[in-house]
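Below is one structure; the comments refer to it alone.
The values are calculated or read from the model by the stated rules, or taken from the named source; none is laboratory data. Predicted model only: the values in this text are computed from it and were never measured. Ideal geometry is used to build each Cβ from the backbone, glycine not excepted, and the neighbour counts take in all protein chains shown.
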Amino acid sequence: MTNTTSFLLQQLPYLAPHALVFLVGLVISLVHLSRYKKPAVLASIGFTVLLCSTLLSPVLYVIAHSLFGQGDRGRVGQLNLLVAIGNSLIHVAGYSLLIVAIFIDRRLPSKRNFGRPDPVADFPLQAPRS
């Protein structure tokens, strides 16, 4: 087994739970695509971005080490830093899409108190006189 395969297999237990959650979210959003068009599309894109980012980040580390691993250690560290920053920014984009999907096309109810009587409005300001 090569170092590359070993590294990728070592990362699998850490990435599998995240990848599984993102995959389940993607399936659920695709199931609800006909009922909730905009939120499901945004959620599908968000889960796809997160899934790809999660699965491709170790591959990018392997590529960086294979291209620059024989050279300067400082350069490899800088490359690792760039991959980590890029991965974080992609995750932020994916989670942002999920947040937008949660709140898009939400309508406020016509009544502010959701059809229930307002307990403060009905509360007497003065004590009843006897």
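Is there a residue in the stretch 50-64 that is out of contact with any Phe, Trp or Tyr (no Cβ under 8 Å at 6 or more places or on another chain), surrounded by 17 or more Cβ atoms within 10 Å (Cβ to Cβ), at pLDDT 90 or above and of a type in the set (S, T, N, Q)? Yes, that holds for at least one residue.
Is it the case, given these coordinates, that Leu89 is closer than 20 Å to Pro13 by Cα, under 20 Å from the mean Cα position of the chain (by Cα), part of a helix (DSSP H, G or I) and modelled with pLDDT of 80 or more? Spelling it out, it is not the case that Leu89 is closer than 20 Å to Pro13 by Cα, under 20 Å from the mean Cα position of the chain (by Cα), part of a helix (DSSP H, G or I) and modelled with pLDDT of 80 or more.
Can you tell me which residues in the stretch 21-51 are charged (D, E, K, R) and not in a helix (DSSP H, G or I)? Within the stretch 21-51, Arg35 is the sole residue that qualifies. Lys37 falls short on exactly one of the conditions (1) of a type in the set (Lys, Arg); (2) over 19 Å from Leu97 (Cβ atoms); (3) at pLDDT 80 or above, and that condition is (2).
What residue, among those in the stretch 1-36 that are aromatic (Phe, Trp, Tyr) and under 16 Å from Leu60 (Cβ atoms), is nearest to the chain's Cα centre (by Cα)? Within the stretch 1-36, the match that is nearest to the chain's Cα centre (by Cα) is Tyr14. Quick check: anything in the stretch 68-75 crowded, with 17+ Cβ neighbours inside 10 Å and either among the β-branched types (Val, Ile, Thr) or out of contact with any Phe, Trp or Tyr (no Cβ under 9 Å at 6 or more places or on another chain) (or both)? Within the stretch 68-75, none of the residues are crowded, with 17+ Cβ neighbours inside 10 Å and either among the β-branched types (Val, Ile, Thr) or out of contact with any Phe, Trp or Tyr (no Cβ under 9 Å at 6 or more places or on another chain) (or both). Contact map, the stretch 1-19: first residue more than 21 Å from Phe47 (Cβ to Cβ), second residue surrounded by 11 or more Cβ atoms within 10 Å (Cβ to Cβ), Cβ cut-off under 6 Å, separation 6 or more or different chains; pairs are Thr4/Val62; Leu8/Pro58.
Please determine whether any residue of the stretch 99-108 is touching a Lys or Arg at 6+ places or on another chain (Cβ under 8 Å) and modelled with pLDDT of 90 or more. Let's see the steps before the verdict.
Of the stretch 99-108, the ones touching a Lys or Arg at 6+ places or on another chain (Cβ under 8 Å) are 101, 104-105.
Imposing the further condition that a residue be modelled with pLDDT of 90 or more reduces the set to 101.
Within the stretch 99-108 (the criterion being touching a Lys or Arg at 6+ places or on another chain (Cβ under 8 Å) and modelled with pLDDT of 90 or more), the answer is yes, since at least one residue qualifies.
With respect to Val83, is the statement that it is of a type in the set (Val, Ile, Thr) and within 30 Å of Asp105 (Cα to Cα) true? So Val83 does not fit the description; no.
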